[in-house]
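Colleague: My questions will all concern the structure given below.
The values are calculated or read from the model by the stated rules, or taken from the named source; none is laboratory data. Since this is a predicted model, take the numbers as computed values, not measurements. As a convention, Cβ positions derive from the backbone with ideal geometry for all residues, glycine included, and neighbour counts pool all protein chains shown.
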Amino acid sequence: MFNQDIIEATKAFVKKEFVGAEGGHDWFHTLRVYNNSLLIAKTENANALVIALGALLHDIADSKFYNGDDSVGPKKAREFLFKLNVDSAIIEHVVAIIENISFSSNIGKKTLSTL
């Protein structure tokens, strides 16, 4: 599967998951994050596929909607990307983004080498 196919499949997955979601964590929020991420990635030395997938999947299962369980989102993202046969290194990088995207996860205490 080519990168653009992976991104399009991920968009479809996220749209489906967010049907009926509240306004702060819906498809339109995710689309804004995705578009802004792509703009930033143009000026950085970053893996565009990781950026796209991290942005699209960052709120796939926000812990606020799963009784505070912050393992649901990373698990759901990992399973979805695995089904698409995404390279395992990319999957783990995207999962690390999801695990650390929230302010409450306090990424400031971690070093970049642990991500």
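Colleague: Does Ile60 satisfy the condition of being buried (at least 16 other Cβ atoms within 10 Å of the Cβ) and modelled with pLDDT of 95 or more? Steps first, please.
Modeller: Details: buried (at least 16 other Cβ atoms within 10 Å of the Cβ): yes; modelled with pLDDT of 95 or more: no.
No, not satisfied.
Colleague: Can you tell me which residues in the range 24-51 are closer than 19 Å to Ile101 by Cα and part of a loop (DSSP other than H, G, I, E, B)?
Modeller: Across the range 24-51, the qualifying residues are Asp26, Glu44, Ala46, Asn47.
Colleague: Here are Ala21, Ala61, Ala55: which of them is outside any loop (DSSP other than H, G, I, E, B) and among the hydrophobic types (A, V, I, L, M, F, W, C)?
Modeller: Values: Ala21 fails: outside any loop (DSSP other than H, G, I, E, B); Ala61 fails: outside any loop (DSSP other than H, G, I, E, B).
Testing whether each residue is outside any loop (DSSP other than H, G, I, E, B) and among the hydrophobic types (A, V, I, L, M, F, W, C) leaves just Ala55.
Colleague: Next question. From the residues in the range 7-37 that are more than 13 Å from His58 (Cβ to Cβ) and in contact with a helix residue (DSSP H, G or I) (Cβ under 7 Å, 6 or more places away or on another chain), which one is surrounded by the fewest Cβ atoms within 10 Å (Cβ to Cβ)?
Modeller: Lys15
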